[in-house]
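Enquirer: Here it is: the structure, laid out below.
Coordinate-derived values only; no laboratory data. Just so we're clear, the structure is a prediction, and the values are computed from it rather than from any experiment. Ideal geometry is used to build each Cβ from the backbone, glycine not excepted, and the neighbour counts take in all protein chains shown.
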Amino acid sequence: MELSSEQNQYKKVLISYLEKNQNVFLNEWNDTIKINEIDPYKEKIKENGYGMYALVIQTFKGALSDDMLTKLAHQVAKERLEANINIGDFLYNINLGRNIIIRNIFGANIPIAHLQEFINAINIHFDTFSYHAVTKYTNLTNDLIEEKKSYISENHKDKLAVLGQISSSFVHEFRNPLTAIMGFNKLLKRENPNLKYLDIIDYELNQLNFRITQFLHTSKSDVNEEQREEISVLKLIEEIQELTYANIVDASVNVEIDIHPNFFITASKDGLKQVFLNLFINSIDALKDKEHPRILRIDSIIEENERIIRISNNGPVIASELIETIFEPFVTTKELGTGIGLYVCKKIIESNDGYMNCESNENATTFSLHFPYDQ
């Protein structure tokens, strides 16, 4: 008990010393802290420093509650966030104050055995304050990020809704005459099977109809799930190759297909056809500016629990920063592109329980379609 009494005696000496030298300590702190001139709370930094010093004294008086320390820490965290100043400056100033106090209390002439206990208490005080301040700052920052993400998402949905309203009215105006032209072209092919250029007209009309469908998809929050069926990927790829034959020949592209005949996917056939058609056309367009050889390669693999279809071309590299957003609407690598094709492809694949990836390097740009595979 004698030791406790002695400890209390030195605690009073420390409290008296801290109170007597408050101005000395705080003036040294004020002269060395980091303050940004554009900080709207720069005067509050000094005020908070005084408050922190007062709480140190309250700690040794036994009059400090956890709520008092937490309240100041949360207040400072809010100010730092609103000031939009590097949190590192705040931590530097806090630890600077800690070091000034610890370095100067040796002048109180307290035996080192007792002084070490007081230094430990000061360290705990500052560590606890820093923990509450940084935790609050992090939580507030995360809330702000989520709020911004939510705003961007809602704003994006509004834009898509407006686009949907505009595109819907245009689509109805275009589709009626387009349907009639497509019908008459089929009649001409049936009545004149040897008439030149009808296949090209048919292909271009289908392309126009495909683009119109893409615009409709961008206005929907979900791609309507169509009837799923077991699809031979090889047969579907060969069908797409036939559809794009004119483009392939015009661009002098070598198409390499390495898909096993028994490789099947359960999905919407029309949806998957749209995806393959879009990826074929994009690849051919990318290869037009590439020196020979121009290669479009389609292959398939099975890895773990996935069936994967890869469509690659050896065209120009897609910049890494663009890869991150390439499936977002209105993002395009084409000078006259709409930036909705890959967005629609991604939605179609996801509606069939899959997902899409894109990788690009000096050797190839590869779009991979991943589907679940239950063995």
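Enquirer: If you count, for each residue, the other Cβ atoms within 10 Å and average over each peptide, how do 342-352, 228-238 line up from highest to lowest? Walk me through the numbers on the way to the answer.
Expert: Details: 342-352: 21.5, 228-238: 16.4.
The most tightly packed comes first, giving 342-352, 228-238.
Enquirer: Still on this structure: What distance in nm separates the two pseudo spin-label positions at TYR245 and PHE106, each 7 Å out from Cα along the beta-carbon direction?
Expert: About 9.1 nm separates the two model spin labels.
Enquirer: Grab every C-alpha pair in region 51-113, bin the distances at 10 angstrom width from 0 up to the longest one, and report whole percents.
Expert: 17, 42, 30, 9, 1
Enquirer: List the residues, sorted by chain then number, that are 5 or more residues from VAL255 or on another chain and whose placed amide H is less than 5 Å from its amide H.
Expert: Excluding prolines and chain starts, which carry no amide H, the hits are LEU296.
Enquirer: Describe numerically, in nm with one decimal, the distance between label points set 7 Å from Cα along Cα→Cβ at LYS46 and at SER150.
Expert: Simple spin-label model gives 3.9 nm for this pair.
Enquirer: Going by average Cβ neighbours within 10 Å, how do the peptides 303-310, 54-61 rank, with the highest at the top? Walk me through the numbers before you get to the answer.
Expert: Numbers: 303-310: 15.2, 54-61: 16.8.
Ranking, from highest mean packing down: 54-61, 303-310.
Enquirer: Can you tell me the alpha carbon radius of gyration of region 86-148 divided by the globular rule-of-thumb value 2.2 N^0.38 Å?
Expert: Numbers: Rg = 16.1 Å, N = 63, 2.2 N^0.38 = 10.6 Å.
Dividing the Cα radius of gyration by 2.2 N^0.38 Å gives 1.52.
Enquirer: Follow-up question, since we're still on this one. Under 30 Å between alpha carbons, and skipping anything fewer than 8 positions from LYS290 in its own chain: which lysines qualify?
Expert: Once the sequence-local lysines are set aside, what remains near LYS290 is LYS235, LYS273, LYS334, LYS346, LYS347.
Enquirer: Once Rh is set to the Kirkwood radius over Cα pairs, what Stokes-Einstein translational diffusion coefficient, in µm²/s, holds for region 17-126 at a temperature of 25 °C and a viscosity of 0.890 mPa s?
Expert: 167 µm²/s
Enquirer: Follow-up question, since we're still on this one. Could the peptides 103-114, 75-86, 289-300 be put in order, highest first, of the mean number of other beta-carbon atoms found within 10 Å of their residues? Walk me through the numbers on the way to the answer.
Expert: Values: 103-114: 13.1, 75-86: 17.6, 289-300: 15.6.
In decreasing order of mean packing, 103-114, 75-86, 289-300 become 75-86, 289-300, 103-114.
Enquirer: Right, another one. If the chain between ILE124 and ASN357 were fully stretched, how many nm would it gain, using 0.36 nm times the residue separation less the Cα-Cα distance? Don't skip to the answer; put the middle values down first.
Expert: On the way: separation 233, 0.36 × 233 = 83.88 nm, distance 4.89 nm.
So the extension gain works out to 79.0 nm.
Enquirer: So which aspartates and glutamates can LYS136 reach, going by Cα to Cα under 19 Å and dropping same-chain residues fewer than 8 places off?
Expert: The qualifying aspartates and glutamates are ASP66, ASP67, GLU79, GLU82, ASP89, ASP127, GLU146, GLU147.
Enquirer: If R0 is 35 Å, what FRET efficiency do you get for GLU304 and THR138 from their C-beta distance, rounded to 0.05? Don't skip to the answer; put the middle values down first.
Expert: Numbers: r = 36 Å, r/R0 = 1.03.
Efficiency, from the Cβ-Cβ distance: 0.45.
Enquirer: Another question, then. Just to be sure I understand the model, the point goes 7 Å from the Cα along the line to the Cβ. What's the resulting ALA319 to ASN254 distance in nm?
Expert: 3.1 nm
Enquirer: Rounded to the nearest 0.05, what FRET efficiency do ARG228 and LEU178 have when you use their Cβ-Cβ distance and R0 = 22 Å? Each step should come with its number before you reach the end.
Expert: Working: r = 28 Å, r/R0 = 1.26.
According to the calculation, E is roughly 0.20.
Enquirer: Then there's this: Convex hull volume of the Cα atoms in region 224-264, per residue, in Å³? Walk me through the numbers before you get to the answer.
Expert: Numbers: hull volume 3.6 nm³, N = 41.
Measuring per residue, one finds 88 Å³ for the Cα hull of region 224-264.
Enquirer: If the chain between GLN116 and GLU28 were fully stretched, how many nm would it gain, using 0.36 nm times the residue separation less the Cα-Cα distance? Spell out each step's value before the answer.
Expert: Working: separation 88, 0.36 × 88 = 31.68 nm, distance 2.28 nm.
That works out to 29.4 nm of additional length.
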